Amino acid sequence: MTVRFRHAAPVWAAFPELSAGALYAAGVDAPADTRRRAAGYTDRAVARLARGTEGEFPEVLAWRRTFSRMGVKPTQYRSASESLLRRLRKEGSLPRIHPLVDLCNAVSVAYAVPVAVLDVDRITGPLLEVRPARGDETYTAFGGGVERPAPGEVTFVDSAGRAHARRWTHRQSGHSAVGAHTGRVLVVAEAMHDGGAEAVAEVLKTVEEEVAAHWAATTATAVLTPAAPEFVFGH
């Protein structure tokens, strides 16, 4: 079954500065050691943090402005990339979760851009859409609790009405979290800063190269725009 991924027209209209792209990979369930390559990307972020905190990064400031426009307190709810950078600055390392997730988290801090990684087989097709919530969607937290995104909150919603994120790039869902069982993933990169289109393209290229280096996987990528907002993936 194929799945269509897109950002809804109201999102593009409200946030014309958005740059977005997606990568689909099948065959990432084999064991892989990504630690050395991930460390290279993390080192780039550490070097940048030595010159100033993440709160000074244009990429982070752009997402803070976006959160404020959504009515979300940016100092209370941070984009995923800001949270990772903050943890890296304070603790000197990132959490180890899964070889691919760890790699994508390292790429995320290297580019200061949120990178989501979702288990495709936990998404109900045929549509996964980034759109404002209606208020009837269900979100499963990592702890297992069920929440309902507030009406108007931007989230990732599948055809079953399941929300796979809270507050857009703040937090992913435990339901579609990547684990040892995961064989197919959707990787989404989103940026709001000047130069975001170039950053997103670089993130996609980097992740695709790393997937090829570590897994015998098939991949497909797409840069998303208002004129070409949809990425069709799967089989």
Single unsatisfied condition, ARG78 versus (1) modelled with pLDDT under 95; (2) touching a Lys or Arg at 6+ places or on another chain (Cβ under 8 Å): (1)
Pairs, first closer than 15 Å to GLU129 by Cα in the range 143-156, second of a type in the set (Asp, Glu) and in a loop (DSSP other than H, G, I, E, B), C-beta under 6 Å, six or more apart: PRO149/GLU137
Flag for THR66 being open to solvent by less than 20 Å² (accessible area, probe 1.4 Å) and of a type outside the set (A, V, I, L, M): yes
Strands (runs of 3 or more DSSP E) fully within the range 85-147 counting 1 or more residues that are among the hydrophobic types (A, V, I, L, M, F, W, C) and farther than 30 Å from ARG37 by Cβ: 127-132
Residue within the range 55-75 that is touching a Phe, Trp or Tyr at 6+ places or on another chain (Cβ under 9 Å) and within 20 Å of ALA177 (Cα to Cα) present: no
Within the range 180-192, tally of residues that are of a type outside the set (Val, Ile, Thr) and either in contact with a Phe, Trp or Tyr (Cβ under 7 Å, 6 or more places away or on another chain) or crowded, with 20+ Cβ neighbours inside 10 Å (or both): 6
Candidates VAL232, VAL211, VAL178, VAL200, filtered to the one that is within 17 Å of the chain's Cα centre (by Cα), not polar (S, T, N, Q) and not in a helix (DSSP H, G or I): VAL178
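Check THR206, THR221 and return the single one that is open to solvent by 40 Å² or more (accessible area, probe 1.4 Å) and β-branched (Val, Ile, Thr).
Going through THR206, THR221 in turn, the sole match is THR221.
Residues checked against (1) open to solvent by 50 Å² or more (accessible area, probe 1.4 Å); (2) closer than 22 Å to THR206 by Cα:
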| position | (1), (2) |
| --- | --- |
| ALA20 | no, yes |
| ALA32 | no, yes |
| THR42 | no, yes |
| PRO58 | yes, yes |
| GLY71 | yes, no |
| SER79 | no, yes |
| ARG87 | yes, no |
| ASP102 | no, yes |
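The values are calculated or read from the model by the stated rules, or taken from the named source; none is laboratory data. These numbers were taken from a predicted model, which means no experiment stands behind them. Heads up, the Cβs are rebuilt from the backbone with ideal geometry, glycines too, and the neighbour counts pull from every protein chain shown. Side chains are part of the model used for accessible areas, which takes the heavy atoms of the whole protein and leaves out ligands, DNA and RNA. Shrake-Rupley method; radii C 1.70, N 1.55, O 1.52, S 1.80 Å.
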